[in-house]
1. Suppose each label sits 7 Å from its Cα in the direction of the beta carbon; what would the Ser311-Glu55 distance come out to in nanometres?
2. Pick from Lys210, Lys42, Lys31 the residue whose mean-square fluctuation is largest in a GNM of the chain, springs joining Cα atoms under 10 Å.
3. Within the chain, which whole H helices from DSSP have a Cα span along their axis of at least 15 Å and a mean Kyte-Doolittle hydropathy of 0.5 or more, if any?
4. Quick one: compute the contact order of region 253-301, relative version, from alpha carbon pairs under 8 angstrom and 6+ residues apart, as a percent.
5. Could you tell me the distance between the Cα centroids of region 102-117 and region 79-96, to the nearest Å?
6. For the chain, modelled as a Gaussian network with Cα springs under 10 Å, which listed residue fluctuates most, Gln165, Gln96, Gln78?
7. Order of 234-244, 100-110, 193-203 by packing, highest average Cβ count within 10 Å first?
8. Mind checking the dipole of the chain: about its Cα centre, +1 per Lys or Arg Cβ, -1 per Asp or Glu Cβ, Debye to the nearest 20?
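All of the numbers you see were taken from the coordinates with simple rules; none came from a lab. These figures come from a predicted structure and were not determined experimentally. Here the Cβ is made from the backbone with ideal geometry for all residues, glycine too, and neighbour counts use every protein chain on show.
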Amino acid sequence: MKVILPVAGKGTRLRPHTHTKAKSLVNVAGKTVLEHIIDRLKGVDVDEYVFIIDENGQQIKDFMAAKFPELSCSYYVQQERLGPAHAVALGAPSVQPGDDLLVVFNDTIFVTDLTAIPEICSNADGLIYSKEVEDYQRFGVNVLDGDFIVDMVEKPDTPISRLAQVGLYYLKDGNRFIGAIEATIAAGETVKGEYYLPSVFMRMIGSGLKFKAPEIDDWLDCGKPETLLETNRFLLKGRHHIHGDVQDSVLIEPVHIGHGAVIKNSIIGPNVSVASGSVIENSVISDSIINTDNKVSNLILDHSLLGDSVSLVGSPRRMNIGDHSHIVMDQ
């Protein structure tokens, strides 16, 4: 199996955190988004990881070489932003006849059992993974007749289907899929100047191919600060990993303290991940992500997201307050 990972997006919804790093390298629950995705692919036999990168893709190359030197990786640069289908097609040189193919977009972390693919796809040509949602108007949805997809509707006004596409696709014949993308591009089938995968899949369905829409267990959005914090809470659930140095502090589970991090005289948690090299002193932090090499001192933080190498220092207050007082303080 080949895996194509389009990681060339600018991550504008996550700014300022993506001004200096690829969005797939943002930390959540003690690992980068990319690490979480690759961890979920380890149950299947992957021959090659095919990355579609932008002009700043050296970060991805360096990260993969350092973290996963044992994996076979190739990289193709998307010079023009012509849409998701165009990005996937750039991986064509790595897809050989006979290869099956998994396409994984990196805005989300999926929770599903990929080892079940052979059984689920035994009578189909591919799988377009889905998740039932209430706010179907925000997504492209799969419309089913029995077990198979018969239509795809982008952001429907009426609940024709609540099965949202989640950015995870399996193709039994990867070469044929690439050919369908190239045919779609040649036909100029664009939406606002970009090529999208639903047009490709409808072309394939129209030619008689069959696709199923299996539901994943969970769909964890990493595309915005608020949803990244929600994903951090979900992934930390039931986990409590302390790899750093904790001195005279209270940890409220679950938390993740990375290697080389130092916590002094602080209350940390719940739902806090602190990356390696960060030092936190005299602070109270909950529901937050603290990235690498930060210094946080004398602060109360909640629902916060700090990038790398941030220095955030507050001032202790001295108070003399009498009985029956009621004081609300903004930092």
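1. 3.3
2. Comparing Lys210, Lys42, Lys31 in a Gaussian network model of the chain, the most mobile one is Lys42.
3. Working: long enough: 174-186 (18 Å, 0.67); 225-236 (16 Å, 0.00).
TM-like helix candidates: 174-186.
4. With pairs under 8 Å counted, the relative contact order is 33 percent.
5. Here the two parts' Cα centres lie 19 Å apart.
6. Between Gln165, Gln96, Gln78, it is Gln96 that shows the largest mean-square fluctuation.
7. The peptides rank, most packed first, as 100-110, 193-203, 234-244.
8. Details: 30 positive and 44 negative charges, 141 e Å.
The dipole of the chain has a size of about 680 debye.
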